[in-house]
Amino acid sequence: MWLSDLKVVLPDQTLERGSVLIEDGIIVDIIEGAAPVAVPSLSGLTLIPGLIDLHGDMLERDVQPRPSARFPTEIGLLELDKRLAGAGITTAYAAISFAWRGNDLRSQESATEMIETLNRLNDDTLVDMYVHARFEVTNPATGPILSDLLEKNLIQLVSIMDHTPGQGQYSDVDRYLNFMHKWLGVDIASLGTSKEEIMEKMKTNIMEQAEAPRDWDVVRDVIAVALKHNVPVASHDDDTLQKVQEQDEMGVSISEFPVSKEAAQAAKDNGMWVIMGAPNAYRGQSTSNNLSAMDAINDGLVDILATDYYPAALLHTAFKLNRDGVMPLHDSLKLVSTNAADAMNLTDRGRIEKGYSADLVLVHENTRFPQVRGTIRQGQPIYWDSHLADVSDLSSLFRLEGEKQANH
């Protein structure tokens, strides 16, 4: 199958007019100009690597879109899968949390069920789906459960987190209270009749959370099991040099969403991959008033961008960085493909290069915002919109590959 006569973004340059040959799901040739055979022209489109997301919180929201409104995990996963494919994402790590403040969605039983379901359905999804297990250090009872799931090869990324208010992401307690009310559905008014009473009760709860046990031996045991199975480990919301150094000494290789420039710089100095949120970068600010991903990118402190809570942000941020003159497109796309693959030791994807998996996205740039017109995973279309249907007959575009297989 040839994808012919379109802009092709390679690892270190962009071909303004090139073609890519795919056989058996692998990129086997890349040439300048149109394909040497008669296939539909895709002029006006840009070919980029399939996007790779290491941290997306959307599955939990698709399973429980409102407090107490729970849907089967299978429905949430398969509906999210279609949305990811339409956003140009071909590899996704679904972030699944364990026992955060007693929320039933994030109970140990619920999280385990979601992990098992995702692994069971992975062969049926459009996108290559992996598990990113989020381990709250204030809940050491999760340790043995995570270790068991790691031994069963059901987890592909672990993050070590501490969401205790008063530090990390929620160093500003007032912002934390606002988050609890607006996003998690906590009825702040039910806690008291006056602002002073509400604040007093909330701060009492915060102190109880801050004093919750943190068994670092359990954390080290989980990290050891993960590393034994070649599963990378990330720290989360690093805010100090000391915290980064402690995580590095335990074997953590990724710092995701550092909340201060000091922490991001320390992670880089320690050879860790630094992940920031693509929505943060696109908007130019953090929703928690922490480190701006855009500032961190300008300072050379960001290796990878993640969807966090908005799948479309990967594509739009990569093109915005190029459009705003921050970096060439082939470099901005590394933040959402190549570097993520390298951080996760995925040696078969993340770039348009001979021998790599044909995980590709066809993008229309001739609008104010880039639009995904088609997504291909391992040489097979998983999303195809009406624009591409008008440009080319899908069956004819993939005809050569089908005929070659038939002849064999």
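The values are calculated or read from the model by the stated rules, or taken from the named source; none is laboratory data. Since the structure is predicted, the reported quantities are computational estimates derived from the model, not experimental observations. Heads up, the Cβs are rebuilt from the backbone with ideal geometry, glycines too, and the neighbour counts pull from every protein chain shown. All accessible areas refer to the heavy atoms of the entire protein, side chains included, with ligands and DNA or RNA removed. Shrake-Rupley method; radii C 1.70, N 1.55, O 1.52, S 1.80 Å.
Report yes if some residue within region 375-386 is more than 25 Å from HIS55 (Cβ to Cβ) and open to solvent by less than 30 Å² (accessible area, probe 1.4 Å); otherwise report no.
yes
Is one or more of the residues making up region 98-118 in contact (Cβ under 8 Å) with a residue 60 or more places away in the chain and within 25 Å of VAL252 (Cα to Cα)?
The answer is yes; a qualifying residue exists.
Go through region 195-249 and give me each residue that's outside any helix (DSSP H, G or I), small (Gly, Ala, Ser) and modelled with pLDDT of 95 or more.
ALA234, SER235
What residue, among those in region 213-243 that are over 16 Å from PHE98 (Cα atoms) and in contact with a strand residue (DSSP E or B) (Cβ under 8 Å, 6 or more places away or on another chain), is surrounded by the fewest Cβ atoms within 10 Å (Cβ to Cβ)?
LEU227
Return the only residue of ASP303, ASP295, ASP299 being among the acidic types (Asp, Glu) and either surrounded by fewer than 16 Cβ atoms within 10 Å (Cβ to Cβ) or modelled with pLDDT under 95 (or both).
ASP299 is the lone residue from the list that is among the acidic types (Asp, Glu) and either surrounded by fewer than 16 Cβ atoms within 10 Å (Cβ to Cβ) or modelled with pLDDT under 95 (or both).
When only residues in region 1-39 that are more than 21 Å from ARG349 (Cα to Cα) and β-branched (Val, Ile, Thr) count, which is most open to solvent (accessible area, probe 1.4 Å)?
Checked region 1-39; the qualifying residue most open to solvent (accessible area, probe 1.4 Å) is VAL37.
Select from region 49-77 the residues that are open to solvent by less than 70 Å² (accessible area, probe 1.4 Å) and hydrophobic (A, V, I, L, M, F, W, C) and list them in ascending order.
LEU51, ILE52, LEU54, MET58, LEU59, VAL63, ALA69, LEU77
Residue-by-condition table, conditions (1) modelled with pLDDT of 95 or more; (2) of a type outside the set (Lys, Arg); (3) closer than 22 Å to LEU78 by Cα:
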site: VAL336; (1), (2), (3): yes, yes, no
site: ASP348; (1), (2), (3): yes, yes, no
site: ARG351; (1), (2), (3): yes, no, no
site: ARG377; (1), (2), (3): yes, no, yes
site: ILE382; (1), (2), (3): yes, yes, yes
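Within region 255-264, is there a residue that is closer than 23 Å to GLU60 by Cα, open to solvent by 20 Å² or more (accessible area, probe 1.4 Å) and aromatic (Phe, Trp, Tyr)?
Among the residues of region 255-264, at least one is closer than 23 Å to GLU60 by Cα, open to solvent by 20 Å² or more (accessible area, probe 1.4 Å) and aromatic (Phe, Trp, Tyr), which makes the answer yes.
Within region 20-39, which residues are more than 17 Å from GLN380 (Cα to Cα) and either among the hydroxyl-bearing types (Ser, Thr, Tyr) or assigned to a loop (DSSP other than H, G, I, E, B) (or both)?
Correct list: GLY33, ALA34, ALA35, PRO36, VAL37, ALA38.
Show the residue pairs that are 6+ apart or on different chains and have beta-carbon atoms under 7 Å apart, the first residue being within region 280-298 and without any contact (Cβ under 8 Å) to a residue 24 or more places away in the chain and within 16 Å of ASP239 (Cβ to Cβ), the second being part of a helix (DSSP H, G or I) and of a type in the set (A, V, I, L, M, F, W, C).
ALA293/ALA281
Could you say whether any residue in region 243-255 is acidic (Asp, Glu) and within 18 Å of the chain's Cα centre (by Cα)?
No, that holds for no residue.
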